[in-house]
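Single-structure report; data block below.
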Amino acid sequence: MINDAHDAPAVVLIHGLWVTPRSWEHWVAHYTAQGLQVLAPAWPGVEGEVEDLRLDPSPMAGIGLEEVVNHYEAIVRKLDRPAILIGHSFGGAIVQLLLDRGLGAAGVAIDSAAVKGVLPLPLSTLRSTWPVLRSPANKGKVMGLSPRQFHYAFANTLSEEESLAAYDRYHVPGPARVLFQGAFANFNPRAVTRVDFRNDRRAPLLFIAGGADHIVPPQVNRANARLYRKSASLTDYQEFAGRSHLTIGQDGWQEVADYAMDWALNRALLLKTPLT
């Protein structure tokens, strides 16, 4: 455990689809109060306030996962040393891709979207993503979820009132192209989400799953973690029972945030040399 936060790496929080960096608001305040340097950059095209993006989501149109990953790579490479990378949902997949590129001191993938090679496809995942994936014509669009769809996909353990409050606070339309790239990666030999699961040089990686998650049920995260078993690099898995996909924002988020940071700080590669 690192007792002096000033000796700790910076923390980069990476949000997922259908939300903005606002989804990390509790975590930013929590980690900052501990003296950590915290960055929560937006995806390209997702800069701005939730309310403004709902009125005009057009800057997101056509954005793909490769542009998003490259965007975060550029941010991380500008830091003076490797950072702790924490991602939620598609942000978790982005963390995996960044670690595979040799970035990061440690990575935490929370309710991570699957990368290429992950085979389980639960019915709840299909139901959660079907509003977008049902038509190939949606691929280039910017699409959101209805409050009812959000409740099922993101906030199924919350009351309808709590779910609606979270929807109003965090939800924005998102670039459908990202979802299509993730969903059909196993049919694409050049999928953006390809990872070298045998990479022995990547930083330690922790998967955190919500036991009641509908979009990414635990079996998906467990299958993802197992793909790394032939790598000499550390891969851990932790499941929090009864938590939805909105685990970073629902009551009890502190337990998840503290577990993630304690794990990352204990295993971070505290390199003193700048990234190149």
*Cβ pairs under 7 Å, 6+ apart, first in the range 158-172 and under 17 Å from Val50 (Cβ atoms), second part of a helix (DSSP H, G or I) and of a type in the set (A, V, I, L, M, F, W, C)*: Ser163/Phe150; Tyr167/Phe150; Tyr170/Val50; His171/Phe150; Val172/Val50; Val172/Leu53
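Within the range 117-124, is there a residue that is among the hydrophobic types (A, V, I, L, M, F, W, C), touching a helix residue (DSSP H, G or I) at 6+ places or on another chain (Cβ under 7 Å) and surrounded by fewer than 16 Cβ atoms within 10 Å (Cβ to Cβ)? Spell out how you get there, then give the answer.
Within the range 117-124, the subset among the hydrophobic types (A, V, I, L, M, F, W, C) is 118-119, 121, 123.
Next, only the ones that are touching a helix residue (DSSP H, G or I) at 6+ places or on another chain (Cβ under 7 Å) stay: 118-119.
Now drop any that are not surrounded by fewer than 16 Cβ atoms within 10 Å (Cβ to Cβ), which leaves 119.
Yes, the range 117-124 contains a residue that is among the hydrophobic types (A, V, I, L, M, F, W, C), touching a helix residue (DSSP H, G or I) at 6+ places or on another chain (Cβ under 7 Å) and surrounded by fewer than 16 Cβ atoms within 10 Å (Cβ to Cβ).
Can you pull out every residue in the range 176-216 that is of a type in the set (Phe, Trp, Tyr), surrounded by fewer than 24 Cβ atoms within 10 Å (Cβ to Cβ) and touching a residue at least 12 places away in the same chain (Cβ under 8 Å)?
Filtering the range 176-216 for residues of a type in the set (Phe, Trp, Tyr) gives 180, 184, 187, 197, 207.
Still in the list and also surrounded by fewer than 24 Cβ atoms within 10 Å (Cβ to Cβ): 180, 184, 187, 197.
If the condition is that a residue be of a type in the set (Phe, Trp, Tyr), surrounded by fewer than 24 Cβ atoms within 10 Å (Cβ to Cβ) and touching a residue at least 12 places away in the same chain (Cβ under 8 Å), then Phe180, Phe197 are the ones that fit.
Could you tell me how many of the residues in the range 166-175 are over 16 Å from the mean Cα position of the chain (by Cα) and open to solvent by less than 60 Å² (accessible area, probe 1.4 Å)?
Of the residues in the range 166-175, the ones over 16 Å from the mean Cα position of the chain (by Cα) are 166-169, 173.
Checking which are open to solvent by less than 60 Å² (accessible area, probe 1.4 Å) leaves us with 166-167, 173.
Within the range 166-175, residues that are over 16 Å from the mean Cα position of the chain (by Cα) and open to solvent by less than 60 Å² (accessible area, probe 1.4 Å) number 3.
Condition check ((1) over 30 Å from Gln149 (Cβ atoms); (2) outside any loop (DSSP other than H, G, I, E, B)) across all residues:
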position: Asn186; (1), (2): no, yes
position: Asp196; (1), (2): yes, no
position: Leu206; (1), (2): no, yes
position: Asp213; (1), (2): no, no
position: Ala225; (1), (2): no, yes
position: Arg229; (1), (2): yes, no
*asked:* On the basis of being farther than 18 Å from Gln96 by Cβ and outside any strand (DSSP E or B), does Leu179 make the cut?
replied: no
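Restricting attention to the range 42-81, and to residues there that are in a loop (DSSP other than H, G, I, E, B), closer than 22 Å to Pro147 by Cα and touching a strand residue (DSSP E or B) at 6+ places or on another chain (Cβ under 7 Å), which single residue is modelled with the lowest pLDDT?
To start, the set of residues in the range 42-81 that are in a loop (DSSP other than H, G, I, E, B) comprises 42-49, 56-57, 61-64, 78-81.
Filter once more, so that each one left must be closer than 22 Å to Pro147 by Cα: 46, 48-49, 56-57, 61.
Now narrow it down to the ones that are touching a strand residue (DSSP E or B) at 6+ places or on another chain (Cβ under 7 Å): 57, 61.
Values: Pro57: 95, Ala61: 92.
Only one residue fits best here, namely Ala61.
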*Among the residues of the range 134-164, count how many are open to solvent by 30 Å² or more (accessible area, probe 1.4 Å) and part of a helix (DSSP H, G or I).*
11
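Name the residues in the range 9-48 that are of a type in the set (Gly, Ala, Ser), over 20 Å from Trp263 (Cα atoms) and open to solvent by less than 30 Å² (accessible area, probe 1.4 Å), would you? Step through it out loud before you land on a result.
Step one: filter the range 9-48 for residues of a type in the set (Gly, Ala, Ser), giving 10, 16, 23, 29, 33, 35, 40, 42, 45, 48.
Next, only the ones that are over 20 Å from Trp263 (Cα atoms) stay: 16, 23, 42, 45, 48.
Within the range 9-48, Gly16, Ser23, Ala42, Gly45 meet the criteria.
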*asked:* Condition (residue is out of contact with any strand residue (DSSP E or B) (no Cβ under 6 Å at 6 or more places or on another chain), polar (S, T, N, Q) and without any contact (Cβ under 8 Å) to a residue 60 or more places away in the chain) applied to the range 11-30: is it met by at least one residue?
replied: no
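The values are calculated or read from the model by the stated rules, or taken from the named source; none is laboratory data. All figures in this text were calculated on a predicted structure; none of them were measured in a lab. Glycine also receives a Cβ, built like all others from the backbone with ideal geometry; neighbour counts cover every protein chain displayed. These accessible areas exclude ligands, DNA and RNA; they are computed on the full protein's heavy atoms, side chains included. Shrake-Rupley method; radii C 1.70, N 1.55, O 1.52, S 1.80 Å.
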